[in-house]
Ligand code: RIB
Ligand code: CA
């Protein structure tokens, strides 16, 4: 069944793979991409979204969003994603500019115009844009179908602090607003994404598939090997989001009540037992996820020009 989605993202190496996968899959209709500063600054994340679309030869509106967290300084992850945010991997130049309509206005317009519950949000980044939507137009936010977000660490150590994960720690106030809004939120924490990694054989498999999407994803993952043991890539965090949207059966959800640490200390962004009920993916059939990722990148559905504006 076709699902219409908006991808909120800070591309970013793993974001790029997730976006290429979503664009390539026949059951996902990417209606728009909204960007946020996150990994590498709003100018670069927005330009990278346009470059990824150029590579996939797809016309999807891109709307630039928040240039900084709600209430903190911006701290990027360029050490992981490289100065260009895409690990130095060759991508085409953008073939179209970003829309003049900012992300917040686009989210309000598109969700307001869509039949209630028909539009899902795939959140691959700090939740600043989504929190602004909830704050600015709560009645519109309640029309969202599913909100699936990569973020947090439950039983796993963090990746930017001993208990905090980048997307949540970058903007804890935004995460707390999103968690407490009562939206149909599924969170995919490091507990799951750290189980989804590529090895050298997987890179070979992608290279053999031969499509631009598969070859570039191979190069992106190779860039993600840098700084690891060399035996396997860093976790493929963000691709888990569109994969759960399509195949929730490959993930094991647990109902939890969580809150976000919004202190200024080293625990900022840590998840703790709290009051907000949400589904948290805590298990995954990682090989099945990797297989679908490779097969889809190797057999992208025909490019569509998106009529959505
Ligand atoms: O912690 C992983 C998350 O932070 C991913 O979304 C990655 O792209 C970075 O933004
Ligand atoms: Ca990301």
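The values are calculated or read from the model by the stated rules, or taken from the named source; none is laboratory data. What you see is a predicted model; the values in this text were computed from it and never measured. Positions of Cβ are backbone-derived with ideal geometry, glycine not excepted, and every protein chain shown enters the neighbour counts.
Considering each residue of segment 156-173, count those that are part of a helix (DSSP H, G or I) and within 14 Å of ligand 2 (Cβ to nearest atom), and give that number.
Total meeting the criteria: 5.
Can you confirm whether segment 271-290 contains a residue that is buried (at least 19 other Cβ atoms within 10 Å of the Cβ), farther than 18 Å from residue 154 by Cβ and within 18 Å of the chain's Cα centre (by Cα)? Yes; the residues of segment 271-290 include at least one that is buried (at least 19 other Cβ atoms within 10 Å of the Cβ), farther than 18 Å from residue 154 by Cβ and within 18 Å of the chain's Cα centre (by Cα).
Among the residues making up segment 184-225, those that are in a loop (DSSP other than H, G, I, E, B), surrounded by fewer than 22 Cβ atoms within 10 Å (Cβ to Cβ) and in contact with a helix residue (DSSP H, G or I) (Cβ under 9 Å, 6 or more places away or on another chain) are 195, 197, 210, 211.
Does residue 11 satisfy being modelled with pLDDT of 95 or more and surrounded by fewer than 24 Cβ atoms within 10 Å (Cβ to Cβ)? Answer is no for this residue. Report whether or not residue 123 is more than 14 Å from ligand 1 (Cβ to nearest atom), closer than 19 Å to residue 238 by Cβ and touching a helix residue (DSSP H, G or I) at 6+ places or on another chain (Cβ under 9 Å). Here the answer is no, as residue 123 does not meet what is asked. For segment 162-181, the set of residues classified as more than 13 Å from ligand 1 (Cβ to nearest atom), under 26 Å from residue 250 (Cβ atoms) and touching a residue at least 60 places away in the same chain (Cβ under 8 Å) consists of 179 only.
Only one of these is more than 16 Å from ligand 2 (Cβ to nearest atom), modelled with pLDDT of 95 or more and crowded, with 24+ Cβ neighbours inside 10 Å: 54, 32. Name it. Full working, then the answer.
On the way: 54 fails: crowded, with 24+ Cβ neighbours inside 10 Å.
Of 54, 32, the one residue that is more than 16 Å from ligand 2 (Cβ to nearest atom), modelled with pLDDT of 95 or more and crowded, with 24+ Cβ neighbours inside 10 Å is 32.
In segment 35-48, how many residues are touching a residue at least 24 places away in the same chain (Cβ under 8 Å), part of a helix (DSSP H, G or I) and either surrounded by fewer than 24 Cβ atoms within 10 Å (Cβ to Cβ) or within 13 Å of ligand 1 (Cβ to nearest atom) (or both)?
Here is the first cut: in segment 35-48, the ones touching a residue at least 24 places away in the same chain (Cβ under 8 Å) are 35-42, 44-48.
Retained after the next criterion (residues that are part of a helix (DSSP H, G or I)): 42, 44-48.
Then keep just the ones that are either surrounded by fewer than 24 Cβ atoms within 10 Å (Cβ to Cβ) or within 13 Å of ligand 1 (Cβ to nearest atom) (or both); that gives 42, 44-45, 48.
Count: 4.
Within segment 240-256, identify whether any single residue is more than 15 Å from ligand 2 (Cβ to nearest atom), in a loop (DSSP other than H, G, I, E, B) and either crowded, with 20+ Cβ neighbours inside 10 Å or at pLDDT below 95 (or both), and answer yes or no. For segment 240-256, residues more than 15 Å from ligand 2 (Cβ to nearest atom), in a loop (DSSP other than H, G, I, E, B) and either crowded, with 20+ Cβ neighbours inside 10 Å or at pLDDT below 95 (or both): absent. Within segment 1-23, the set of residues being within 14 Å of residue 245 (Cα to Cα), in contact with a helix residue (DSSP H, G or I) (Cβ under 7 Å, 6 or more places away or on another chain) and more than 12 Å from ligand 2 (Cβ to nearest atom) comprises 3, 5, 6, 21, 22, 23. Residues of segment 119-147 being farther than 21 Å from residue 70 by Cβ and in contact with a strand residue (DSSP E or B) (Cβ under 7 Å, 6 or more places away or on another chain), which ones? Answer for segment 119-147, where residues must be farther than 21 Å from residue 70 by Cβ and in contact with a strand residue (DSSP E or B) (Cβ under 7 Å, 6 or more places away or on another chain): 119, 120, 145, 146. A search for C-beta distances below 7 Å between a residue of segment 7-27 that is without any contact (Cβ under 8 Å) to a residue 40 or more places away in the chain and at positive phi and any residue that is part of a loop (DSSP other than H, G, I, E, B) and near ligand 2 (Cβ under 9 Å from one of its atoms), counting only pairs 6+ apart in sequence or on different chains, returns nothing.
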